[in-house]
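The values are calculated or read from the model by the stated rules, or taken from the named source; none is laboratory data. Predicted model, so just to flag it, every value in this text is computed and none were measured. Here the Cβ positions follow ideal geometry from the backbone for every residue, glycine too, while neighbour counts run over all protein chains shown.
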Amino acid sequence: MKSKFLRVLLAVAATLTFSALAQTGSAATPSSPAASSSTPASSAPATPPPSTGKVGTINIQDAIFGSNEGQRDMQTLQKKFEPKQAELKTQNDELEGLKKQLSTQQDKLNDEALANLKKQIEGKQKTFDRSVQDAQEEVGNQQQDIASRILSKLAPLVVKYAQDNGYTLIVDTSKPWPQSPVLWWNPDAVDITKNVVEAYNVQSGVAAPAPSAPGASAKPAAPRSPAGTGAAKPAVPKPSDSPK
């Protein structure tokens, strides 16, 4: 299940954070007021054109949730949500059982029994749908908290890595084209995600978590090519269709 809102949140947060850090890191030292007032603008030496530097890409979502810290926190969230997931599955199974009963016995029930069964299904359907929505919002909010917390520590590292390695532009490729202006890139040539994650793992001191159980991946899938990305929430049963 993919969270479009999370991708928007990360894009906005990354833009604001990186912009502030870049402005701070690249701000020129101002000249003294006396020199500014006494030297005509025309006599100041011409500013040399900016040198051509390297352009790099980073999938900031992969970097966040691919880090040891991100994987650890997502596994913790997955385990925390397991009881709720089991509860939703029980509700869903009960609801499906009633729908099956309606489908197989509706011709045999009298009007009163049929109306009571339909009313029971509709009530349980509404309760189940609300429970699923609440669970999705709860998981989404906690996932956003994880992403925002890690991003606040990861962003300065990205800026430092770019400055230390001669990059003049780093582009986030978390979102696919056309949501992102990046149509294509060569990860082997320009992508710095792996290097940043390795550096962040050293900085954070968080050990690599144990692999999740099969079928319970805690790391959101986020392919590097423009084929669609998004942070996955721990799965919840899909809301069933209301009885016709």
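The residues on offer are Glu138, Glu82, and the sole one that is farther than 30 Å from Asp172 by Cβ and of a type outside the set (S, T, N, Q) is Glu82. Within the set of pairs 6+ apart or on separate chains, which have a first residue in segment 142-160 that is in contact (Cβ under 8 Å) with a residue 60 or more places away in the chain, a second that is assigned to a helix (DSSP H, G or I) and of a type in the set (Phe, Trp, Tyr), and C-beta atoms under 6 Å apart? Within 6 Å, the pairs are Leu154/Tyr200; Ala155/Phe18. Taking segment 160-187 as the search range and keeping residues that are farther than 14 Å from Asn59 by Cβ and in a helix (DSSP H, G or I), which one is farthest from the chain's Cα centre (by Cα)? Top of the filtered list is Asp164. Screening Glu112, Glu122, Glu87, Glu94 for residues that are more than 30 Å from Thr76 (Cα to Cα), of a type outside the set (Gly, Ala, Ser) and in contact (Cβ under 8 Å) with a residue 24 or more places away in the chain leaves exactly one candidate, Glu122.
At pLDDT 95 or above and polar (S, T, N, Q): is that true of Gln75 in this structure? It is true that Gln75 is at pLDDT 95 or above and polar (S, T, N, Q).
Kindly provide the set of residues from segment 127-141 that are within 16 Å of Met74 (Cα to Cα) and of a type in the set (Asp, Glu), ordered by number. Listed by number, the residues that qualify are Glu137, Glu138.
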